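To start, the structure under review is shown below, and the notes come after it.
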Amino acid sequence: MQHRRVFKVGSIFGALLILLLDAATPLGFTHGDLYLLSIILAALSGNRRFLIAMTLASIVFIIAGSFISSAGLPFAYWASNRTISILEICLIAGLCAYIMRRIHGLRDDINALAVSRQTLQNLIPTPDDPLAPFQHPQQFQLFADAIPQIIWTATSDGRIDYINRALDQFTGQSRETLIAGQLLSTLIHPDDLSQLRARWLDAVQHKDSYDLECRVRRHDGAWRWHLLQGAPVRDGDGNIVKWSGSAIDIHDIRVYAERFEHVTKATVDAISDWDIQADQIWWNQGVTNLFGYSREEMMAKPSSWTERLHPEDREQALATIYQTLNSGRERHHYQYRFVRKDGSIAIVQEHGFVIRDKEGVAIRLIAGMTDITQKRQLEEQLSHAQRLQTVGELTGGVAHDFNNLLTVIQGNAELLKEDSTLNADQQPLVDMINDASQRAADLVQRLLAFARKQPLTPKATDIASLIRDIQPLVRQAVPERITINLITEPELPMVTIDPPQFESAVLNLCLNARDAMPGQGKLLLEVGHCELDSDNTELHAEARAGHYVTISVSDTGTGMSADVQARAFDPFFTTKTYGQGSGLGLSMAYGFIRQSGGHVSLYSEPDNGTTVRMYLPVGSDPTTLSGLSSRQDHLSGNDVVLGTGKVLLVEDEPLVRHYAEKQFKALGFETLSAANGSDALTLMQQTDHVDLLFTDVMMGDGMNGPELAKAAKKLQPDLHVLFTSGYTRNAMLRQGRLQPDTHLLSKPWRRDDLLEKLKAMQQDSAGS
């Protein structure tokens, strides 16, 4: 205060001194600017009223000086000079007043912050004073009531002694009522009460903090989820002197989280959420269902997705993503190949959505992966069938015109042969024309068979008898180094086909099998029947649900690669050397079966032989269905009691594995599934007991079905084993892949086939 008084006195005396100096000098000298020193001294005093008074006094002194000074310079000069001085004084005084006002406001803020800091210091517990917040109850209550979350404290033995205003407002009851009453029993949902009490007693007993989600009743009766948290307050010696905690309303967050979880479970896609800035990624359960990876291993790092891209597609996929992120676009969609956990390749269609901040920088990427492998396979099958149909139509048209030409050639050749004027040298030429034209006619018939335009004379036929009739013809065409076996089921239904054309188709398949076995081998002909449902037909574009008689031709030859299988039914396609085959054997059989209303499946593995299975639809005549009907009645009997126990499914083809899971679950079994033998053994070690091992015979991970069964029985000697394969049972036995006492379910199979096989296993087990 003393220094402010000095500035005031200095300002006053300075102004008076300047006025005396002005009176002692002639008019015209710029004494007015000297008053600025007095104004600055007044401002330094810190008193705005004194500053205003000295500003007015300085203006009065400047005007008064005009009257008390002696004559000097002209009026215009000294008048303008003094007017400018008055304006300068007003401007400087106003600026000083504004600065003083800002300084006073800043000083008030500093004082307020100091008070708040002192209040917070009083409310912050220290090791030396853990009860500091509770020693200033008014300050603590003001602070706690300002928080929107529920705050509570309790004594060392767990009795609630304080709750803040938030709980009053939430429950609609006064604090006194809540503290005095049974707080938990009146506010906590009955289903959560026992768990909360147990956690609270456990925390008190172990003197530790706790957190728990439970439902709390609001004043309108609604139950809302809260996150309850509590922690002990300890003194310097570690003794609990108080408890404090909070309850945060998480109802909306929980509802939205559950809704989001339900939505992600409802979709069959694998959905990801990549936080680009934090470089973290989230996956839904779809990534496990589609590709076999757990959510944890996929969420470990964003590069987990990148590492599983097909190597040939990785660069293009990453380029597409970063082009979308950097170009300002919001969406992208593209296709790529993705490696499943079992090593198989999935074709994926991805749709992505980019979230950007206000500056347009990408901060998140939401993407959905749709497995279109099966769709692509069906599209390829359909495209292949359409190509064959197009080629067939073209071939049929060409063959029709070619038949006309052959008629002319053969007719004229016959006339020439009857011509008596031909000499001995010309006769062989005519014979050559006849032979060549006949071979051409046979070729045309094969082309017509493939094109499904050959004339057929269908009639009800017993396939088993027909196969037995042509067996001698097959034996003549196949060398003795190859053994031939024929197996037929009893009471087969009749089918409506053209018998001669069917014989030709079977013979062509046998000749192909012969050529695939350059050394010793085994040729197996099997006749049976089956029923295909919608689940089976999903895997084959040309198949239709219904009853079929099946004819299988299996060999132990060289087999086919995937590329060869894709073109096996194409006309004129052959892997034989030039001149050893026309490439029409399989295509002719394919055309005939399709023309007869059936379809053909091909199962082959390199160096493991081939099975071609023809499906001929059973006619609608009741007499032709007697055998199948009796079988259906047998399977539908009440004596079949199945559907208990745990089944371990092992199949390296995902589509077939999922189909098997669905069928076993439909029968009431609990299922475990694995894509290879090593995963299956791991599952067995982690499971208490497995009742049945259902495994494919041939798998591509180095361990086949019999090897897996042997290792599994070491872990569980009483384990039952059922094998499955695209080869028939008899073909597998003759190739030495299975023992005679094993059970095999041949693909394709349906639920009735599975029931029949399981019943047979039950009977065998009961008999033993």
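Restricting the search to the range 197-219, which residues are in contact (Cβ under 8 Å) with a residue 24 or more places away in the chain and within 25 Å of Arg165 (Cα to Cα)?
Trp200, Glu213, Cys214, Arg215, Val216, Arg217, Arg218, His219
Out of curiosity, is Leu87 assigned to a helix (DSSP H, G or I), closer than 20 Å to Phe7 by Cα and either of a type in the set (Ser, Thr, Tyr) or at pLDDT 80 or above (or both)?
no
For a quick check of your reading of the model, give me the residue pairs whose first member lies in the range 518-542 and is in the same structural domain as Asn608 (by TED's automatic domain parsing) and within 25 Å of Tyr659 (Cα to Cα), whose second is among the aromatic types (Phe, Trp, Tyr) and at pLDDT 90 or above, with beta-carbon atoms closer than 6 Å and at least 6 apart or on different chains.
So the pair list comes out as Cys530/Tyr548.
For the range 303-315, enumerate the residues that are exposed (fewer than 12 other Cβ atoms within 10 Å of the Cβ) and either of a type outside the set (Ser, Thr, Tyr) or outside the structural domain of Gly352 (by TED's automatic domain parsing) (or both). First the steps, then the outcome.
Just the residues of the range 303-315 that are exposed (fewer than 12 other Cβ atoms within 10 Å of the Cβ), to begin with: 303, 307, 311-312, 315.
Scanning the range 303-315 gives Glu307, Pro311, Glu312, Glu315.
Under 8 Å between Cβ atoms, which residue pairs at least 6 apart in sequence (or on different chains) link something in the range 143-167 that is free of Cβ contacts under 8 Å to residues at least 40 places away in the same chain with a partner that is part of a loop (DSSP other than H, G, I, E, B) and of a type in the set (A, V, I, L, M, F, W, C)?
Here the result reads Asn164/Ile147; Ala166/Ile147, each pair linking the range 143-167 to a residue that is part of a loop (DSSP other than H, G, I, E, B) and of a type in the set (A, V, I, L, M, F, W, C).
Can you find a residue that is in contact with an Asp or Glu (Cβ under 9 Å, 6 or more places away or on another chain), under 23 Å from Ala257 (Cβ atoms) and not in a strand (DSSP E or B) anywhere in the range 357-368?
no
For residues that are without any contact (Cβ under 8 Å) to a residue 12 or more places away in the chain and closer than 16 Å to Asp273 by Cβ, tally how many sit in the range 291-302.
Result for the range 291-302: 2.
For the range 281-288, check the following and say yes or no: at least one residue is in a strand (DSSP E or B), assigned by TED's automatic domain parsing to the domain that holds Gly352 and not β-branched (Val, Ile, Thr).
yes
Could you tell me which numbered condition Phe61 fails, if it satisfies all but one of (1) modelled with pLDDT under 75; (2) among the aromatic types (Phe, Trp, Tyr); (3) touching a Phe, Trp or Tyr at 6+ places or on another chain (Cβ under 9 Å)?
All conditions pass for Phe61, except number (1).
Within the range 324-345, track down each residue that is exposed (fewer than 13 other Cβ atoms within 10 Å of the Cβ), more than 16 Å from the chain's Cα centre (by Cα) and assigned to a strand (DSSP E or B).
Of everything in the range 324-345, just one residue is exposed (fewer than 13 other Cβ atoms within 10 Å of the Cβ), more than 16 Å from the chain's Cα centre (by Cα) and assigned to a strand (DSSP E or B), namely Arg331.
Restricting the search to the range 143-182, which residues are within 20 Å of His251 (Cα to Cα) and in a helix (DSSP H, G or I)?
Passing the criteria: Arg165, Ala166, Leu167, Asp168, Gln169, Phe170, Thr171.
Out of all the residues in the range 190-215, which are over 13 Å from Gly230 (Cβ atoms) and exposed (fewer than 11 other Cβ atoms within 10 Å of the Cβ)?
We begin by selecting, within the range 190-215, every residue over 13 Å from Gly230 (Cβ atoms); these are 190-195, 198, 205, 213, 215.
Once the filter is applied, which keeps residues that are over 13 Å from Gly230 (Cβ atoms) and exposed (fewer than 11 other Cβ atoms within 10 Å of the Cβ), the range 190-215 yields Pro190, Asp191, Ser194, Gln205.
Here are the criteria: (1) at pLDDT 85 or above; (2) loosely packed, with under 15 Cβ neighbours inside 10 Å; (3) closer than 30 Å to Asp192 by Cα. Tell me which single one Leu227 does not satisfy.
Every condition holds for Leu227 apart from (2).
Condition check: of a type in the set (Lys, Arg), under 16 Å from Ser156 (Cα atoms) and either surrounded by 12 or more Cβ atoms within 10 Å (Cβ to Cβ) or more than 36 Å from the chain's Cα centre (by Cα) (or both). Does Arg234 satisfy that?
Here the answer is yes, as Arg234 does meet what is asked.
Restricting the first residue to the range 342-368 and requiring it to be within 30 Å of Thr682 (Cα to Cα), which pairs with a second residue that is assigned to a strand (DSSP E or B) and charged (D, E, K, R) meet a Cβ separation below 9 Å and a spacing of at least six or different chains?
So the pair list comes out as Ile345/Arg337; Ala346/Arg337; Ala346/Asp371; Ile347/Arg337; Ile347/Asp371; Val348/Arg337; Val348/Asp371.
Looking only at strands (runs of 3 or more DSSP E) that lie completely in the range 660-756, which have at least 3 residues being modelled with pLDDT of 85 or more and either out of contact with any Leu (no Cβ under 7 Å at 6 or more places or on another chain) or more than 22 Å from Tyr615 (Cβ to Cβ) (or both)?
Fully inside the range 660-756 and qualifying: 670-674, 692-696, 720-725.
Give me a count of the residues in the range 222-249 that are of a type in the set (Gly, Ala, Ser) and part of a strand (DSSP E or B). Walk me through it before giving the result.
Within the range 222-249, the first condition is being of a type in the set (Gly, Ala, Ser), and the residues that meet it are 222, 230-231, 236, 238, 244-247.
When the remaining residues are screened for being part of a strand (DSSP E or B), the result is 230-231, 244-247.
Going through the range 222-249 one residue at a time, the tally reaches 6.
The values are calculated or read from the model by the stated rules, or taken from the named source; none is laboratory data. None of the values given here were measured: they were computed from a predicted structure. Here the Cβ is made from the backbone with ideal geometry for all residues, glycine too, and neighbour counts use every protein chain on show.
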